[in-house]
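Some notes on the structure that comes next.
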Amino acid sequence: MKRYKPTSKSRRGMTTISFGDYITATEPVKSLTHGFRRQMGRNHHGKITTRHKGGGAKRLFREIDFKYDKIDVPYTIKTVEYDPNRSGFIGLAQYQDGAKRYVLIPRGIKVGDTFITSPNAEQKPGNRLQLKNITIGTFVYNVEVKPEGGAKLARSAGNYVEVIAKDAGYVDIKLPSTEVRKIKDTAWASIGDVSNPENRLVNLGKAGRSRWLGIRPTVRGTAQNPVDHPYGGGEGRQGRGRKRAISVYGKPTGKGQKSRTPKKYSNKFIVSRRKVGKKK
């Protein structure tokens with residue numbers, strides 16, 4: 001981590017990641033990038049579905065390969081780069097057949113390292129195998145939910161999933177949320193954990209830095225008016241005034257309340273629900 005001298009109130013306590021220790025290229029490959037319009041927390045109708053998002057620096061989208069559909073073709077990492085659209089580092093992978101793609105790289109990977117996606121690959125960080133061929137107790141990332149569906153789980157900086165059991169064509173995995181779920185054993189996963197684990201230690205230091213990232217201010221519900229939030233109103237400072245915590249839309253939120261759809265199609269694949277609170 002990079003720390004700063006307290007030359008101002010904003011600088012005091014501010015930290016950043018020492019990108020110079022990891023990044024080897026500052027400009028992305030043009031053919032693997034394109035411009036895009038960020039959603040800013042809105043759906044296709046323009047309605048806000050996630051509050052407190054908007055603004056921020058303009059970004060260039062890097063096309064990340066989460067499919068890994070080149071089976072048994074080795075590739076070499078040519079550069080390690082920063083991606084403004086995700087917390088982990090990405091690497092430029094050049095395949096033996098000449099193709100170039102961006103991939104999410106695990107911790108400890110250097111330029112020049114070679115990897116492969118294969119059912120018979122060695123279980124070393126960066127290689128990609130089917131879950132049925134991965135030893136119990138191994139940490140994996142870029143995990144598919146459905147075979148050939150592309151990586152969906154454990155893609156944020158420092159995250160990983162643990163393989164804990166195998167039975168009847170399914171593999172039990174433990175997610176970062178502590179939830180245990182079943183996945184088809186023919187789904188693919190990469191060995192290791194996502195790079196840049198220090199990301200969670202970053203102290204933004206000032207409100208302006210949040211705005212650069214596209215994060216808008218969050219106002220407490222109890223500080224709002226009754227028309228704006230269920231907790232709003234009252235003379236002076238007021239408590240929640242209700243038994244259960246709810247969102248601005250009146251839905252259960254936080255404090256260990258179950259907010260998952262009771263009849264969701266994938267409930268049958270959950271072996272153990274996630275644990276909430278400080279003791280998880």
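The number of residues in the stretch 121-170 being in contact with an Asp or Glu (Cβ under 6 Å, 6 or more places away or on another chain) and part of a loop (DSSP other than H, G, I, E, B) comes to 2.
Could you count how many residues in the stretch 236-271 are of a type in the set (A, V, I, L, M) and not in a loop (DSSP other than H, G, I, E, B)?
Here is the first cut: in the stretch 236-271, the residues of a type in the set (A, V, I, L, M) are 245-246, 248, 270-271.
Then keep just the ones that are not in a loop (DSSP other than H, G, I, E, B); that gives 246, 270-271.
Of the residues in that region, 3 qualify.
Of all residues in the stretch 178-207, those being assigned to a strand (DSSP E or B) and not β-branched (Val, Ile, Thr) number 6. Taking residues in the stretch 66-88 that are under 19 Å from Asp113 (Cβ atoms), and partners anywhere that are basic (Lys, Arg), the pairs with Cβ atoms closer than 6 Å and at least 6 places apart or on different chains are Tyr68/Arg128; Asp83/Arg62.
Residues of the stretch 213-260 that are acidic (Asp, Glu) and closer than 30 Å to Arg38 by Cα: Asp228 alone. Report, by residue number, each residue of the stretch 5-29 that is free of Cβ contacts under 8 Å to residues at least 60 places away in the same chain and touching a helix residue (DSSP H, G or I) at 6+ places or on another chain (Cβ under 9 Å). Within the stretch 5-29, Ser18 is the sole residue that qualifies.
In summary, Thr253 fulfils each of the numbered conditions (1) farther than 30 Å from Arg11 by Cα; (2) in the same structural domain as Asn142 (by TED's automatic domain parsing) with the single exception of condition (2). Of the residues making up the stretch 100-115, those that are more than 23 Å from the chain's Cα centre (by Cα) and free of Cβ contacts under 8 Å to residues at least 60 places away in the same chain are Gly112, Asp113, Thr114. The lone criterion from (1) free of Cβ contacts under 8 Å to residues at least 60 places away in the same chain; (2) surrounded by 13 or more Cβ atoms within 10 Å (Cβ to Cβ); (3) assigned by TED's automatic domain parsing to the domain that holds Ser272 left unmet by Val248 is number (1).
You will find that of Lys258, Lys182, Lys263, Lys275, the residue that is loosely packed, with under 14 Cβ neighbours inside 10 Å, touching a residue at least 24 places away in the same chain (Cβ under 8 Å) and more than 30 Å from Tyr82 (Cα to Cα) is Lys275 and no other. Condition check: touching a Phe, Trp or Tyr at 6+ places or on another chain (Cβ under 6 Å), assigned by TED's automatic domain parsing to the domain that holds Ile134 and among the hydroxyl-bearing types (Ser, Thr, Tyr). Does Ser177 satisfy that? No, not satisfied.
Among the residues of the stretch 82-101, the ones that are assigned to a strand (DSSP E or B) and either touching a Gly at 6+ places or on another chain (Cβ under 7 Å) or basic (Lys, Arg) (or both) come to 2 in all. Do we find a residue being within 23 Å of the chain's Cα centre (by Cα) and in a loop (DSSP other than H, G, I, E, B) anywhere in the stretch 217-235? Yes; the residues of the stretch 217-235 include at least one that is within 23 Å of the chain's Cα centre (by Cα) and in a loop (DSSP other than H, G, I, E, B).
For Arg274, the conditions (1) assigned to a loop (DSSP other than H, G, I, E, B); (2) within 30 Å of Ala121 (Cα to Cα); (3) touching an Asp or Glu at 6+ places or on another chain (Cβ under 8 Å) all hold with the exception of (2). Whether a residue is among the acidic types (Asp, Glu) and surrounded by 12 or more Cβ atoms within 10 Å (Cβ to Cβ) was assessed, and Asp172 passes this test. Checked against the criterion of being in contact with a Ser or Thr (Cβ under 8 Å, 6 or more places away or on another chain) and among the acidic types (Asp, Glu), the candidates Asp193, Asp167, Asp113, Asp172 yield just one match: Asp113.
Only residues that are farther than 24 Å from Ile109 by Cα and touching a strand residue (DSSP E or B) at 6+ places or on another chain (Cβ under 7 Å) were counted across the stretch 147-172, and they come to 7.
The values are calculated or read from the model by the stated rules, or taken from the named source; none is laboratory data. Quick caveat: nothing in here was measured; it's all calculated off a predicted structure. Every residue, glycine among them, receives a Cβ derived from its backbone with ideal geometry; neighbour counts consider all protein chains shown.
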